Structure formats: C-alpha cells, structure tokens
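Trainee: My questions all concern the structure below.
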Amino acid sequence: MRFGLLLYLLLNSCLCLAQDWTFYGFFPAISQSGNLGKKFQYNAYISSTIDAFHQTIAEKGYPATALQYYLQPSLNYKLLPNVQLGVGYAYVKHNLFGLHVNENRLWVQAVATHDVPALGRLKLSHRLRYEERYPLNMKSNQWSYATLFRYQIGANFPLYDPKIKKTGFYASASNEAFLCLTGAINSPISSKNAFYGENWLYGGIGYNTQKFGKIEMGYMFQNLIRNPQQDHRYLHLLQVTWAANFDLSELGVWLYTP
C-alpha cells in the first residue's frame, strides 16, 4: 500500500513538473536543383517555420511569430545511379520566444534510393547525415558547438504510371530521427537535450508538373525533447513545398542568346 502511494506521488509530481509546449503553424519551403555535369548537382533550399497562433501556456504568453528561417546551399555527387554523396552549409535564424540564436551549420550526407517491386511503384530513400552546428546567442554574443547524426527514411508513390506519362499526383511520407551527439550551451539543440532529441514525421500529396517542378502539401509533426526531464515541444505544421530542377547549361544559352 505504501509502495503504491509512493509510486502515485512520484508519477503525479512528474506530470505536474512537465512543461510540454504545443504550437500550430506553417512550414513553407522552396527547393531548387540543377545539374552541373553528369555527376554533380547543386541544390538551394529555403524554408521558414511559423507559429500561427498566440497562446498562453502556464500563464506565459507565446505570440504568433516566425520561429525559424533556414537557408541551405549544397553540392551532390552521384556515386552510383541510386547513391549520392553531398556536402552543404546552412544558415539558420532562430526566434524561439526570447531565445535569439543565429546558427552556421556544416554537414555531409549519403542518400540511397531503391524501388520496392512488391509494393508496385513505391520508391524508398534513406538519408544519413552528420551535422556540426555553430550557434551564436545574440543576447550574450556567445558562440558554441553541437554535433548531430540524422537518419531520414522517405517513401514516394506515384498515383500515375510514369512509364505512360510524366505528370500526375503522387503521395509521399518521411520520418527523420535526430540524435544529439554533443550539445551546445546556448542553442535549441543544447547539452540539456536527450540523445534522441528530435523527430520529424511527414505525410503529403503532391503534383508533378514536369516543366514547373513539383508542388506538394502535407502535414508535418515535429517533436523536440527539450531537456532530460523529457519536456516536449510539439509543432503541428501545414507544409507547402515547391521543388524544381534547372539545367545551368540551358540557362547559359538563354542569357547569351540575343
């Protein structure tokens, strides 16, 4: 009886101390790619995470605001027909309700794709990324350092037959795990985060226009464990993405043709 009462008090105290945050908003993104030859390809990616609604949590106000701006150029090398290696840089501007941090990120990654014949036209992709982050706290003007390992598995299923036509609707889904190897002392990914500190789950529907790229809309759920006490920050986001491919050789012809 005493043990049961003690267990109840411990669980109740943990629930009372938990400070989970839940926000709702938008995740607009643009991805532009192009060939630099037979083996190399560039990519430029821009996104923003927007908290769309003002909320009061535990008597503290959280205004609607842009939580993050993200800019990422990268270079990819086609090692095999279904394997790419990549290097990239990202500049990230955070505004997390009082925590203003500007980050520089460097990363390397490998991406492998393969078909799943048993499931029709389904194609799976696997992305392994090692990332170094250099956050600057804008209030204290203090630099720090963090490292992460990220694994994303993605699925794409055309709702049309690509052998017959090049345009049509498709379904996509992905899940990405963030493992915090070392944490900074002044950033959203900090030394206080759990090892398995973040997870992004996504599902959406898109349309392949071929000429103007792909337009996609879906639901993104981001779960960040903020500290060892397992307090969570949940983000429910409507994601809208435009992804297009450009050939720089064709751009050069257009620029220099009278």
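The values are calculated or read from the model by the stated rules, or taken from the named source; none is laboratory data. Not measured: the values here are computed from a predicted model. All Cβ positions, even for glycine, are placed from backbone atoms using ideal geometry, and neighbour counts span all protein chains on display. For the accessible areas, the whole protein counts, side chains as well, though only heavy atoms, and no ligand, DNA or RNA atoms are used. Shrake-Rupley method; radii C 1.70, N 1.55, O 1.52, S 1.80 Å.
Trainee: With the requirement that a residue be closer than 19 Å to Phe178 by Cα and out of contact with any Gly (no Cβ under 6 Å at 6 or more places or on another chain), what does segment 125-143 give you?
Mentor: Scanning segment 125-143 gives His126, Arg127, Leu128, Arg129, Tyr130, Glu131, Glu132, Arg133, Tyr134, Pro135.
Trainee: More than 24 Å from Gly183 (Cβ to Cβ) and either among the small types (Gly, Ala, Ser) or in a strand (DSSP E or B) (or both): does that describe Ser31?
Mentor: Spelling it out, Ser31 is indeed more than 24 Å from Gly183 (Cβ to Cβ) and either among the small types (Gly, Ala, Ser) or in a strand (DSSP E or B) (or both).
Trainee: From the list Thr65, Thr56, which one is closer than 30 Å to Lys139 by Cα, open to solvent by less than 50 Å² (accessible area, probe 1.4 Å), at pLDDT below 95 and hydroxyl-bearing (Ser, Thr, Tyr)?
Mentor: Answer to the check: Thr65.
Trainee: Hey, can you tell me all the residues within segment 157-179 that are among the charged types (D, E, K, R) and without any contact (Cβ under 8 Å) to a residue 12 or more places away in the chain?
Mentor: Across segment 157-179, the qualifying residues are Lys163, Lys165.
Trainee: For segment 131-150, check the following and say yes or no: at least one residue is under 27 Å from Gly168 (Cα atoms), modelled with pLDDT of 95 or more and not basic (Lys, Arg).
Mentor: no
Trainee: If we scan segment 23-39, do we find a residue that is at pLDDT below 95, within 16 Å of Leu238 (Cβ to Cβ) and surrounded by 12 or more Cβ atoms within 10 Å (Cβ to Cβ)?
Mentor: Checking segment 23-39: at least one residue is at pLDDT below 95, within 16 Å of Leu238 (Cβ to Cβ) and surrounded by 12 or more Cβ atoms within 10 Å (Cβ to Cβ).
Trainee: Report, by residue number, each residue of segment 68-90 that is crowded, with 17+ Cβ neighbours inside 10 Å, in contact with a Ser or Thr (Cβ under 8 Å, 6 or more places away or on another chain) and over 21 Å from Lys38 (Cβ atoms).
Mentor: Gln68, Tyr70 - these are the residues of segment 68-90 that are crowded, with 17+ Cβ neighbours inside 10 Å, in contact with a Ser or Thr (Cβ under 8 Å, 6 or more places away or on another chain) and over 21 Å from Lys38 (Cβ atoms).
Trainee: When you go through (1) assigned to a strand (DSSP E or B); (2) touching a residue at least 40 places away in the same chain (Cβ under 8 Å) one by one for Leu201, which number turns out not to apply?
Mentor: Checking Leu201 against (1) assigned to a strand (DSSP E or B); (2) touching a residue at least 40 places away in the same chain (Cβ under 8 Å), the one that fails is (2).
Trainee: So, Gln229, is that one assigned to a strand (DSSP E or B) and either at pLDDT 95 or above or more than 27 Å from Phe169 (Cβ to Cβ) (or both) or not?
Mentor: Answer is no for this residue.
Trainee: What residue, of Lys39, Lys93, is of a type in the set (Lys, Arg) and more than 21 Å from His114 (Cα to Cα)?
Mentor: Result: Lys93 is the single residue among Lys39, Lys93 that is of a type in the set (Lys, Arg) and more than 21 Å from His114 (Cα to Cα).
Trainee: What is the residue count in segment 209-223 for residues that are under 21 Å from Lys163 (Cα atoms) and open to solvent by less than 30 Å² (accessible area, probe 1.4 Å)?
Mentor: 1
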